[in-house]
1. What's the ranking of 441-451, 288-298, 46-56 by average number of surrounding C-beta atoms within 10 Å, highest first?
2. Please give the solvent-accessible surface of Tyr277 in Å², to the nearest 10, using a probe radius of 1.4 Å with every protein chain present.
3. Between segment 268-319 and segment 1-33, what's the alpha-carbon centroid distance in Å?
4. To the nearest 0.05, how large is the calculated FRET efficiency for Ala203 and Asn2 if R₀ is 22 Å and r is the Cβ-Cβ distance?
5. Could you check what % of the DSSP bridge pairs in the chain are antiparallel, to the nearest 5?
6. If you find the alpha carbon centre of segment 346-412 and of segment 40-109, how far apart are they in angstrom?
7. Ranked highest first by the average count of other Cβ atoms within 10 Å around their residues, in what order do 221-227, 154-160 fall?
8. Which order do Ile86, Ile389 take when ranked by solvent-accessible area (1.4 Å probe, heavy atoms of all protein chains), largest first?
Amino acid sequence: MNFEFQKLSLSHAMTASVDALVVLWPSLVQPDAKAVEPVTRLVAQAIAHGDFELKAGAVLSLYSQPGMATRHVVVACSADNLPGQIRSAMQAAWGALKASKIKRLGVHVLGEATAQGLQMALSSLADASYTYTTTLSKPKARTLKHVQVSTTHDSAELRLAVVHAQALVAGVELAKEWANRPANHATPTHLAETAKTIASGRAFKCEVLGPKEVAKLGMGAFMAVAQGAAEPLRFIVMRYNGAAASQAPVVLVGKGITFDTGGISLKPAPEMDEMKYDMGGAASVLGVFKALSELKPHINVVGLIPATENMPDGLAVKPGDVVTSMSGQTIEILNTDAEGRLVLCDALTYAERFKPRAVIDIATLTGACVIALGAVRTGLFSSDDTLAIQLQQAGETSGDTCWRMPLDDDYAEGLKSRFADVANVAGRAAGSVTAAKFLQRFTKSFAWAHLDIAGTAWRSGAAKGSTGRPVGLLLQYLLSLSAAPSAMQADGKPKDEDKSKAKTSGKAIVKDKSKARTPGKS
Ligand code: BES
Ligand code: MN
Ligand code: ZN
């Protein structure tokens with residue numbers, strides 16, 4: 001989808017050549033019943049007659065009025081312009097429009113538009129209008145291609161926000177596409193091919209390892225998960241070098257289980273189809289790289305994806321089997337359905353070679369996280385307070401929110417094993433925390449965070465589909481780093497070069513750091 005920004009008054013926005021216009025109307029803007037401009041007058045009349053209210057998500061549809069170049073204008077109230085209110089206004093506006101085959105849509109934001117608000121409006125519109133088509137024989141494709149955004153005032157920040165929104169939407173939609181594809185259309189090999197395509201430009205590199213190379217690295221935990229699968233495993237290594245080679249990279253590790261049957265610890269049949277989404281972490285890493293390829297920020301990023309199916313088979317790993325991870329730690333696999341942590345632990349060990357500034361893994365890791373946080377916030381686990389606060393803040397700014405969970409060592413008690421250094425499962429209690437405690441054993445040499453997206457990566461039920469989360473959170477975090485270069489370089493020495501690169505893209509959406517909250521501590 002293509003976004004274009006213009007500074008326009010409301011009456012000029014109405015004369016733009018678009019198929020329909022959405023006017024985002026905050027509660028603070030009171031319409032004047034005597035205004036010459038027709039939309040303002042009609043809104044005032046509708047309010048006076050009790051047919052419209054200035055509350056979040058309320059919409060008013062207006063047709064073919066004099067002074068309106070477009071046939072259809074939808075006024076949607078964004079109340080106090082909070083992220084959730086802008087989102088429901090855009091959803092409601094799209095709901096009022098979607099029957100018509102709109103190709104070009106105008107979006108006019110009344111009042112004091114902010115970078116964050118514009119980004120939220122555009123990403124919500126993209127989200128509401130997204131349709132999956134790949135495996136349908138007669139798909140109803142989305143007609144909306146072009147969005148003309150306008151505000152009554154202009155600033156470099158607003159313009160940048162629109163550029164960022166376009167890259168964000170491209171990244172989110174790539175993640176949605178791959179997560180939504182059924183497992184027979186999204187194999188480890190397919191993911192690797194996609195990674196190669198995304199990382200084909202200048203400043204990018206992509207290397208794909210197969211079973212032989214992974215065996216040579218000693219990734220015994222990853223291989224144990226893959227040994228029951230007919231589809232060959234892939235270990236995908238993507239690199240984006242937007243800054244000096246001396247600048248330590250952020251490493252993103254995405255769980256890439258292209259289908260999770262549970263293995264020999266087989267899952268029950270109901271909703272098992274949803275385990276095609278078990279590569280949602282991998283899809284979000286691909287999505288972030290897609291956005292990086294459009295924005296080219298001054299930062300270095302590595303993407304690692306351990307990709308395989310988890311299948312029951314004569315050759316599959318069995319409960320009680322002990323394997324040796326790349327780190328040298330032995331693992332007793334008591335439950336073959338706790339496979340995510342097994343593929344991730346070897347990828348985390350592999351991440352050490354990049355001497356990273358931070359490592360963030362993203363995984364549909366535990367059903368327990370769905371019970372804890374539902375579909376609203378992603379579970380955040382981190383041994384590093386600075387990193388945790390940065391990610392929380394990126395979540396609040398982007399509207400792609402997370403919530404910090406504990407990592408007390410007492411939670412690791414249940415992972416003790418008589419037959420190996422560690423077991424891959426503990427009891428039922430605090431399942432998302434014990435999973436994180438397992439991963440933490442492989443992260444001793446860097447700042448680490450783990451995002452459990454089991455509840456947020458996709459929606460179930462009638463509107464089943466990938467959400468593209470947490471591409472928004474991750475991109476926001478990376479752009480905030482590119483705006484504030486790290487004080488340290490890879491060798492740990494303070495750095496003084498690269499000062500000119502401080503004033504880059506991220507600035508527009510980096511909000512006041514003093515507002516950073518620590519949920520749970522407030
Ligand atoms: N991919 C699942 C986690 C999952 C389940 C995400 C349901 C979203 C919805 C993961 O591999 C898994 O099976 N985890 C087990 C761990 C258990 C065996 C300790 C779980 O959560 O049940
Ligand atoms: Mn599983
Ligand atoms: Zn899984």
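1. On the way: 441-451: 21.0, 288-298: 23.0, 46-56: 13.8.
In decreasing order of mean packing, 441-451, 288-298, 46-56 become 288-298, 441-451, 46-56.
2. That residue has around 10 Å² of solvent-accessible surface.
3. So the two Cα centres are separated by 39 Å.
4. Approximately 0.45, to the nearest 0.05.
5. 40
6. 37
7. Working: 221-227: 26.1, 154-160: 16.3.
With the highest mean Cβ count within 10 Å placed first, the list reads 221-227, 154-160.
8. Values: Ile86 5, Ile389 60 Å².
Ranking Ile86, Ile389 by accessible area, largest first, yields Ile389, Ile86.
The values are calculated or read from the model by the stated rules, or taken from the named source; none is laboratory data. The model shown is predicted, which means the values in this text are computed figures rather than measured ones. Counting neighbours? That spans all protein chains shown, and the Cβs are built from the backbone with ideal geometry, glycine included. To get the accessible areas, we keep the full protein, side chains included, count just its heavy atoms, and leave off ligands, DNA and RNA. Shrake-Rupley method; radii C 1.70, N 1.55, O 1.52, S 1.80 Å.
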